[in-house]
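So the structure is just underneath, and the comments pick up after that.
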Amino acid sequence: MTALDIDFVRAQFPAFAEPGLQDQAFFENAGGSYTCRQVIDRLTRFYTQRKVQPYAPYEASRLGGAEMDEARSRLAALMGVATEELSFGPSTTQNTYVLAQAFRGFMRPGEAIIVTNQDHEANTGPWRRLAEEGIEIREWQIDPQTGHLDIAQLETLLDENVRLVCFPHCSNVVGEINPVAEISAMAHAAGAFVCVDGVSYAPHGLPNVDHLGADIYLFSAYKTYGPHQGIMVIRKALGALLPNQAHYFNADTLYKRFTPAGPDHAQVAASAGMADYFEALAAHHGHLGSAAETGAFVHDLMRAHEATLLQPLLDAVKDRNDVRLLGPSTAETRAPTVAIALNRPAEPVAAALSEYGIMAGGGDFYAVRALSAMGVDPSEGVLRMSFTHYTSEAEVAKLIEALDRVLRSNT
């Protein structure tokens, strides 16, 4: 496996050259990542040269529309899906809400949806509200000690009444990577569709959605080095069945069917910069191949670097008596999103870390159901330290040292 060139990576992110961020180690990436230069350049160009209504015959408009189309087609190709299967929306929360309204009109009373209590509220709350229409909501519950979702328990929940199974690729507090392909196959065998919240996974490598078998895959561009947009993949077979949620004259265009409002033209266009970055990263590391192959190469490159940096952090907290690590203690089975429960409110601990140049967060992170299920008081929250492939080994060492000092000073 090729080793990640961390110097090349960090050179692609202007934040690392920003004077006000020097000596600051960023460990709140699960809340939103730094933006790569390619996205910033495209956004600036669109606002200065192409900020007109797109798809008209004059040049500025033609170029603006072409760049929006480019973003859709290139990101879809990296993820192994058709261009028309990828759409943009204002956020993943909003995209999920619109999808839930589509299922509200698609399902009948007595049919069932399976949700988990491992999710961020955005991928569970909208589905739970469908109980108002007589739809049965079945909860796939996590292990209260480990936060793990047991496949065997899912099997007991599936039957001919289940139309949809909703779960996260990984939780934003537990961090464990769920076996999406296995879950998808099990759900499909029972006649159900699959909706995967990939918000906490995609920043660590875009997945091949076709290989995963998911019918819906959602993630956020602003956590994946891009602008503040939600990205949603809906496979054609399901998209054609669900009722149109957009203007009636857009019903025949799959990527418009679940976007009720007009898209943010500039941000959609700038999302092509994400593809620019992934391709530049692959090329710098000597990879040449198809878009899907490039997506897989960059995914593995990111994950290998992150796992190497993650294990020392897990080792530093897993056996401490003054904290409780949520999720697995092995880097290979989880994303580098590390949440620890303390014996006191987490937010002041995050503030104390900032005195050492560590940017981390404390709170419930909209994972109230997961924290409650694991016996963690959501009002006290957890300390969450999350990073991505652009994090350096030195920054992780700095975090470990600062965390030890802060925890010792507060015991």
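Tabulated results
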| item | result |
| --- | --- |
| Residue match in segment 42-58 (condition: out of contact with any helix residue (DSSP H, G or I) (no Cβ under 8 Å at 6 or more places or on another chain) and within 22 Å of Leu254 (Cα to Cα)) | no |
| Helices (runs of 4 or more DSSP H) contained in segment 1-79 and holding at least 2 residues of a type outside the set (Gly, Ala, Ser) and open to solvent by less than 30 Å² (accessible area, probe 1.4 Å) | 37-49, 59-78 |
| Residue that is surrounded by the most Cβ atoms within 10 Å (Cβ to Cβ), among those in segment 306-330 that are at negative phi, in contact with a strand residue (DSSP E or B) (Cβ under 7 Å, 6 or more places away or on another chain) and assigned to a loop (DSSP other than H, G, I, E, B) | Leu326 |
| Qualifying position, being closer than 19 Å to Ile113 by Cβ, under 13 Å from the mean Cα position of the chain (by Cα) and touching a residue at least 60 places away in the same chain (Cβ under 8 Å), among Tyr217, Tyr222, Tyr201 | Tyr217 |
| Subset of segment 189-206 that is in contact with a Phe, Trp or Tyr (Cβ under 7 Å, 6 or more places away or on another chain) and open to solvent by less than 10 Å² (accessible area, probe 1.4 Å) - its residue that is farthest from Glu155 (Cα to Cα) | Ala202 |
| Residue match in segment 264-285 (condition: farther than 19 Å from Leu4 by Cβ, at pLDDT 95 or above and exposed (fewer than 14 other Cβ atoms within 10 Å of the Cβ)) | no |
| Identity of the residue in segment 247-256, in a loop (DSSP other than H, G, I, E, B) and free of Cβ contacts under 8 Å to residues at least 60 places away in the same chain, that ends up most open to solvent (accessible area, probe 1.4 Å) | Asp252 |
| Breaking point among (1) assigned by the TED database to the domain that holds Phe193; (2) part of a helix (DSSP H, G or I); (3) out of contact with any Gly (no Cβ under 9 Å at 6 or more places or on another chain), for Asn244 | (2) |
| Check on Glu84, open to solvent by less than 10 Å² (accessible area, probe 1.4 Å), within 26 Å of Ala291 (Cα to Cα) and of a type in the set (D, E, K, R) | no |
| Hits in segment 331-367 (condition: over 24 Å from the mean Cα position of the chain (by Cα), over 22 Å from Ala394 (Cβ atoms) and surrounded by fewer than 18 Cβ atoms within 10 Å (Cβ to Cβ)) | Asn343, Arg344, Pro345, Pro348, Ala351 |
| Residue that is at pLDDT 95 or above and within 19 Å of Arg303 (Cα to Cα), where the choices are Leu254, Leu212 | Leu212 |
| Residue list for segment 149-188, restricted to those being in contact (Cβ under 8 Å) with a residue 60 or more places away in the chain, open to solvent by 40 Å² or more (accessible area, probe 1.4 Å) and under 15 Å from Ala335 (Cα atoms) | Ile177 |
| Filter result for Gln101 (of a type outside the set (Lys, Arg) and open to solvent by 40 Å² or more (accessible area, probe 1.4 Å)) | yes |
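The values are calculated or read from the model by the stated rules, or taken from the named source; none is laboratory data. The structure presented is a predicted model; accordingly, all values stated were derived computationally and were not measured. Glycine gets a Cβ as well: all are built from the backbone with ideal geometry, and neighbour counts include every protein chain shown. Heavy atoms of the whole protein, side chains included, go into the accessibility calculation; ligands, DNA and RNA do not. Shrake-Rupley method; radii C 1.70, N 1.55, O 1.52, S 1.80 Å.
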